[in-house]
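Input: a single structure, listed below in structure tokens.
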Amino acid sequence: MGLKVYLQDGEKQIDIRGTTHNNRELAMQVGVYDVLWKWKEKNIITGADLIKPVSKGLAELAADPDKYKNLDNPNGWGTYDNFVAFLEELFTQCVLHPEARVEITN
């Protein structure tokens, strides 16, 4: 199982690639865990609500990739590269659809 993000923009559903729960530690260290795994508690409603925290998380990941690549899961499920790709796609879609409603399953 993993975390899957959807944006609902009117009648259009945007499916964002998912990420494995093995990336939880990485998400915690770059400040996006709460807004993704505990999104309802953090009152994340629209794509606009995710833009700032996801942007900050991406900047942190880019600032020290070697540090974060050390958190790669040895079994290959949960890597820095996959998590960055997930956050980049999420960020892009939130910028394109800031009014879209967020739904996250995990």
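For (1) within 23 Å of Asn43 (Cα to Cα); (2) in contact with an Asp or Glu (Cβ under 9 Å, 6 or more places away or on another chain); (3) without any contact (Cβ under 8 Å) to a residue 24 or more places away in the chain; (4) aliphatic (A, V, I, L, M), each residue gets a yes or a no:
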| position | (1), (2), (3), (4) |
| --- | --- |
| Asp66 | no, no, yes, no |
| Gly76 | no, no, yes, no |
| Tyr80 | no, yes, no, no |
| Leu87 | yes, no, no, yes |
| Ala100 | yes, yes, no, yes |
| Glu103 | yes, no, no, no |
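Considering only the range 15-36, how many residues are touching a residue at least 24 places away in the same chain (Cβ under 8 Å) and either within 12 Å of Val102 (Cα to Cα) or among the charged types (D, E, K, R) (or both)? Spell out how you get there, then give the answer.
So the first thing to find is which residues in the range 15-36 are touching a residue at least 24 places away in the same chain (Cβ under 8 Å), and the list is 16-23, 25-27, 29-32, 36.
From what's left, either within 12 Å of Val102 (Cα to Cα) or among the charged types (D, E, K, R) (or both): 16-17, 25, 36.
Total meeting the criteria: 4.
Residue-wise test of (1) within 19 Å of Asn106 (Cα to Cα); (2) touching a Phe, Trp or Tyr at 6+ places or on another chain (Cβ under 8 Å); (3) of a type in the set (Ser, Thr, Tyr).
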site	(1), (2), (3)
Ile16	yes, yes, no
Arg24	yes, yes, no
Val32	yes, no, no
Lys42	yes, no, no
Lys56	no, no, no
Ala59	no, no, no
Leu71	no, yes, no
Asp81	no, no, no
Ala85	yes, no, no
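Considering every residue within the range 68-77, establish whether at least one is closer than 30 Å to Glu11 by Cβ and modelled with pLDDT of 95 or more.
First pass over the range 68-77, keeping only residues closer than 30 Å to Glu11 by Cβ: none.
Within the range 68-77, not a single residue is closer than 30 Å to Glu11 by Cβ and modelled with pLDDT of 95 or more.
The values are calculated or read from the model by the stated rules, or taken from the named source; none is laboratory data. These numbers come from a predicted model, not from an experiment. When we count neighbours, we look across all protein chains shown, and the Cβ atoms used for this are built from the backbone with ideal geometry, even at glycine.
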